[in-house]
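In what follows, a structure is listed as structure tokens, so that the remarks can point back to it.
The values are calculated or read from the model by the stated rules, or taken from the named source; none is laboratory data. Quick caveat, the model's predicted, so the values are computed rather than measured. Cβ placement follows ideal geometry from the backbone for every residue including glycine, while neighbour counts extend to all protein chains displayed. Keep in mind that these areas ignore ligands, DNA and RNA; they rest on the heavy atoms of the full protein, side chains included. Shrake-Rupley method; radii C 1.70, N 1.55, O 1.52, S 1.80 Å.
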Amino acid sequence: MVLVLLSQWKKHLSLLPLQLTGTGMFYLCLTTGVGAQGDRLCVGDLQQKLESHLQQPELSRAQWGIAIQPLTDSQPIYQYQADRFFIPASNQKLITTAMALQELGPNFRFTTKIYQLDEGKKVQVITSGDPSFDVDDLTAIAKGLKDRGVTAIEELALVDTIAPQDYQRPSWEWDDLHYGYAPPVNGAILAGNQVTLTLTPQNLGEPLATEWSDAIAGEQWQIINQTETTVNPSQSPQVQQVFGQRQLVITGALPPAGEPRSITLAVADPQQYFLASLQQKLAEQGISVGTQTVSTDTTSIAPAPLLTLTSPPLWKLIKTVNQDSNNLYAEALLNAIQPPSQATDWQSYVERLGLAPTTVRLRDGSGLSRQDLVTPQALVQLLINQTQRSTGTIYQQSLAVAGRSGTLERSFADTPLVGKMRGKTGTLTGVVSLTGYVENNHWGPVAFSFMVNNSDLGASVLREAMKQMVLWTAQVEKCQPSAQGL
């Protein structure tokens, strides 16, 4: 057998390592460099490019996992440490939303029911953990009671079935718990259980002025203001909670002409926030309130509710989870599947998704926990399995679209993949993940999962590295034999 190298093409060739068979067949792929229109990228080239990519000094220090597989092919295109466990960050939401569709159904809705007894002397509000419940819903309750002639409530009873010790997952880190991305997840949720603190520079040498977006929620926190208005700030404003206290220490500085800084924080006491806000709306309608009570007893005081407020259907809620990466919505869905007060064997739920229970360890619904573990191949298999279910289209449409929506709205805008890739991002310190579907001209839709743990690089650098991987995944093809019978 003789192999003749064409030297005049040397600068433009990327040779796939010869794959010889018993018949003497070999594959040859000619490429002119990834990125130019009309290029061809064979499977072997993809392997070389990905491995060279990850061998760069700044990337090689971290742990990487890759799984790439067409929806219509049982064989993966490429795998690298695909069966090893990784912290998924918000890629965990892919599992949560698939589980919610499976266990609750796409038309499931959270409900908030209002009962009244003795002509409104006692009003009971039974909540169910609706993450979309907002101030407008409280107004609807107050107006509904007024329209029915209620002018005074002797007892306002709130039913919240989730105990305070279960508001956050045990594996969440203490440093996260006062921020708005890790709010308490109880039954009586209001306005995302978040409040915004705005810091505004003042005269030189003065502390930054503080202002809450919601006074009722803000008053639950005591602020220790150690900020300063200075010409050359050495540190931007930071917030730290005093351990075990409802106290926030604010440090850092802004210049006198600087823009205000807004920080989203968690509501400290969600039950009291709900009740106080409802009482305020009732007062606006001329309805007085005597005592307030809170319980976990869902026994209604009347045979039928006076009012019933419902959330959007699940198929809409999971868009907020996956496109906007909303932690509260994800945890509320997990609570709806199985209340936190009950011991849960999540592995049985995982198996019903068609995944091996040894490939997933679930500790929360959002991915905020660093004790969540999943393999890249399990995520790819999850995506493939979802396309084979009746809710497959709903699931795929819940994902962000490259260059168009959600957390991918500003990504891939300068590439041919705008509108051609759907996916879920994930970010924690040292952790970045990207899992989704991308259109490939040869295979059609291809499922992929790129995960990195234990990195010392910034998230933007890691996301850029993954962006290149997705571009290659969209280009790769199974090159045809170029010769036989040598």
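Yes/no per residue for (1) within 30 Å of T161 (Cβ to Cβ); (2) surrounded by 23 or more Cβ atoms within 10 Å (Cβ to Cβ):
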site	(1), (2)
K49	no, no
P88	yes, yes
L94	yes, yes
R109	yes, no
Helices (runs of 4 or more DSSP H) contained in region 314-374 and holding at least 1 residues without any contact (Cβ under 8 Å) to a residue 60 or more places away in the chain: 314-324, 346-352
Tally of residues being closer than 17 Å to Y167 by Cα, surrounded by 15 or more Cβ atoms within 10 Å (Cβ to Cβ) and among the polar types (S, T, N, Q) across region 324-345: 4
Counted residues in region 346-363 being within 14 Å of T96 (Cα to Cα) and open to solvent by 80 Å² or more (accessible area, probe 1.4 Å) come to 4
Counted residues, region 260-270 - those being small (G, A, S) and assigned to a strand (DSSP E or B): 2
If I ask for residues that are under 20 Å from the mean Cα position of the chain (by Cα) and among the small types (G, A, S), which ones from region 459-479 would you list? A459, S460
Scan of region 394-425 for residues that are closer than 13 Å to D324 by Cβ and out of contact with any Phe, Trp or Tyr (no Cβ under 9 Å at 6 or more places or on another chain), ordered by number: A400, V401, S405, G406, T407, L408, E409, K424, T425
Check on Y273, touching a Ser or Thr at 6+ places or on another chain (Cβ under 7 Å), assigned to a helix (DSSP H, G or I) and either in contact (Cβ under 8 Å) with a residue 12 or more places away in the chain or within 22 Å of S213 (Cβ to Cβ) (or both): no
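Among the listed residues Q271, Q292, identify the single one that is open to solvent by less than 50 Å² (accessible area, probe 1.4 Å), of a type outside the set (F, W, Y) and at pLDDT 95 or above.
Values: Q292 fails: open to solvent by less than 50 Å² (accessible area, probe 1.4 Å).
One residue alone meets the criteria, Q271.
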Among the residues of region 118-138, write down those that are assigned to a loop (DSSP other than H, G, I, E, B) and either in contact with a Pro (Cβ under 9 Å, 6 or more places away or on another chain) or closer than 14 Å to N193 by Cβ (or both). T127, G129, D130, P131, S132, F133, D134
Among residues of region 375-406 being assigned to a helix (DSSP H, G or I) and within 16 Å of M451 (Cβ to Cβ), the residue most open to solvent (accessible area, probe 1.4 Å) is Q381
Of everything in region 206-258, what is open to solvent by less than 20 Å² (accessible area, probe 1.4 Å), touching a His at 6+ places or on another chain (Cβ under 9 Å) and more than 22 Å from F274 (Cβ to Cβ)? Give them in sequence order. V239
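Residues to consider are Q69, Q63, Q92, Q75; find the one that is at pLDDT below 95 and of a type outside the set (F, W, Y).
Working: Q69 fails: at pLDDT below 95; Q63 fails: at pLDDT below 95; Q92 fails: at pLDDT below 95.
Of the residues listed, the single one that is at pLDDT below 95 and of a type outside the set (F, W, Y) is Q75.
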Are any of the residues in region 301-317 over 14 Å from A188 (Cα atoms), in contact with a Ser or Thr (Cβ under 7 Å, 6 or more places away or on another chain), open to solvent by less than 60 Å² (accessible area, probe 1.4 Å) and not hydroxyl-bearing (S, T, Y)? yes
Answer yes or no as to whether V476 is open to solvent by 40 Å² or more (accessible area, probe 1.4 Å), modelled with pLDDT of 95 or more and among the β-branched types (V, I, T). no
Just give me the residues in region 109-142 being hydrophobic (A, V, I, L, M, F, W, C), more than 24 Å from the chain's Cα centre (by Cα) and modelled with pLDDT of 95 or more, in sequence order. I114, V123, V125, I126, L138, A140, I141, A142
So A100 ticks every box in (1) under 26 Å from the mean Cα position of the chain (by Cα); (2) in a loop (DSSP other than H, G, I, E, B); (3) among the aliphatic types (A, V, I, L, M) but one. Which box is left unticked? (2)
Return yes when L417 is part of a helix (DSSP H, G or I), touching a strand residue (DSSP E or B) at 6+ places or on another chain (Cβ under 7 Å) and modelled with pLDDT of 95 or more and no when it is not. no
State all residues of region 438-468 that are assigned to a helix (DSSP H, G or I) and not hydroxyl-bearing (S, T, Y); if no residue qualifies, say none. A459, V461, L462, R463, E464, A465, M466, K467, Q468
Say whether the condition of being surrounded by fewer than 22 Cβ atoms within 10 Å (Cβ to Cβ), at pLDDT 95 or above and more than 19 Å from the chain's Cα centre (by Cα) is met by at least one residue in region 420-429. yes
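Out of V231, V249, V239, I need the residue that is over 30 Å from K143 (Cα atoms), in a loop (DSSP other than H, G, I, E, B) and among the β-branched types (V, I, T). Which one?
Numbers: V249 fails: in a loop (DSSP other than H, G, I, E, B); V239 fails: in a loop (DSSP other than H, G, I, E, B).
Going through V231, V249, V239 in turn, the sole match is V231.
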Here are some conditions: (1) crowded, with 21+ Cβ neighbours inside 10 Å; (2) more than 15 Å from the chain's Cα centre (by Cα); (3) not in a loop (DSSP other than H, G, I, E, B); (4) not small (G, A, S). T435 meets all but one. Which one does it not meet? (2)
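Within region 63-75, which residues are in a loop (DSSP other than H, G, I, E, B) and within 26 Å of the chain's Cα centre (by Cα)? Can you show your working first?
Start the filter on region 63-75 by keeping residues that are in a loop (DSSP other than H, G, I, E, B), which leaves 71-75.
Passing the criteria: only L71.
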The condition of being over 13 Å from L94 (Cβ atoms) and free of Cβ contacts under 8 Å to residues at least 12 places away in the same chain holds, among S390, S405, S455, only for S390
